[in-house]
């Protein structure tokens, strides 16, 4: 992945970078570069380091709590696993893993600073999950478009078996792409290869999401889709707009910085580059807290189920209403039987 320091830029983005003598040396240099980024920020901008430590801690707590709750609701409180819910469950898992990786970074810095393999594993897992999050958000948007606009034509594709296969493919694909980026970085790959991987990793999903958001907003204004409820149409628009905002806020700054460092590694001042890297990587982690907004629009029962978990009195009240209705129905039946019995008694004997 890209870096912000000139030392790492020479490995990642310089067109004239030389290949390390062996793979192990390249991995050590690459891991050391990421550890060096944290050390440089800690030494040069201690107040910013503390602020980012607090922000990452907040993202970790909020993200793990919200996504843990969402995972419980979708897995154990949702009976019908539709295609949208399957994609969302995978998105929840990626957000949980991103959230859990945030304290790992600081633990490595303070406790295992010399463990270069720990740093490499952390970086690899973090970017795999971030890329999976991008792809699953894209799948949710495409699936929503098919469900609203191309419902009949997409029935054979929108089934649980096909959806699970797509999810497996996304996980494998994210691992391969991330490994390719890390391999290019370790081996001192050219900026052209990094540019192509960046386009493939981020800008292509962004174009897909923007295209389908525009398409579904145009399609929902057509009379032939007015048979669908206004609530469902509005929820689809809200979901797509939310995903687009998450992309622009969380992922665009990091990938724009990645692109700038890849193309012009020496053009950005060292201190500005260092700050930009840490701020943009923190913004990309923020998506684990923003994605739960998407969950509210995936299914109309999610919010009601969450509210039910925190209001234990509601089930009791509901059961009480059922009992009173049962008693009321018994009374009504009893009141209806009495006049009927009297009518039979008053009937003249034949």
Among what's in the stretch 244-281 and is over 21 Å from residue 56 (Cβ atoms) and crowded, with 21+ Cβ neighbours inside 10 Å, pick the residue that is farthest from the chain's Cα centre (by Cα).
-> 265
Inter-residue pairs, beta-carbon under 7 Å, first more than 28 Å from residue 93 (Cα to Cα) and assigned by TED's automatic domain parsing to the domain that holds residue 96 and in the stretch 263-288, second modelled with pLDDT of 85 or more and in a loop (DSSP other than H, G, I, E, B), 6+ apart = 275/45
Looking at (1) within 26 Å of residue 147 (Cβ to Cβ); (2) touching a residue at least 40 places away in the same chain (Cβ under 8 Å); (3) in a helix (DSSP H, G or I), which is the only condition residue 93 fails?
-> (2)
Answer with yes or no whether residue 109 is closer than 19 Å to residue 284 by Cα, assigned by TED's automatic domain parsing to the domain that holds residue 76 and either out of contact with any helix residue (DSSP H, G or I) (no Cβ under 6 Å at 6 or more places or on another chain) or in a helix (DSSP H, G or I) (or both).
-> no
Counting residues that are closer than 23 Å to residue 181 by Cβ, in contact with a helix residue (DSSP H, G or I) (Cβ under 7 Å, 6 or more places away or on another chain) and modelled with pLDDT of 75 or more, which helices (runs of 4 or more DSSP H) fully inside the stretch 1-76 reach at least 2?
-> 23-44
Qualifying position, being more than 19 Å from residue 138 (Cα to Cα) and part of a helix (DSSP H, G or I), among 281, 293 = 281
Which residue, of 102, 137, is buried (at least 18 other Cβ atoms within 10 Å of the Cβ), more than 10 Å from the chain's Cα centre (by Cα), assigned by TED's automatic domain parsing to the domain that holds residue 302 and closer than 18 Å to residue 287 by Cα?
-> 102
Which listed residue, of 162, 132, is over 16 Å from the mean Cα position of the chain (by Cα), at pLDDT 85 or above and in the same structural domain as residue 212 (by TED's automatic domain parsing) | 162
So how many residues does the stretch 110-125 have that are more than 23 Å from residue 289 (Cα to Cα) and buried (at least 17 other Cβ atoms within 10 Å of the Cβ)?
-> 4
Number of the exception - residue 246 against (1) over 17 Å from residue 149 (Cα atoms); (2) modelled with pLDDT under 90 | (2)
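The values are calculated or read from the model by the stated rules, or taken from the named source; none is laboratory data. Predicted model, so just to flag it, every value in this text is computed and none were measured. Don't worry about glycine lacking a Cβ; one is built from the backbone with ideal geometry, like all the others, and counts go over all protein chains shown.
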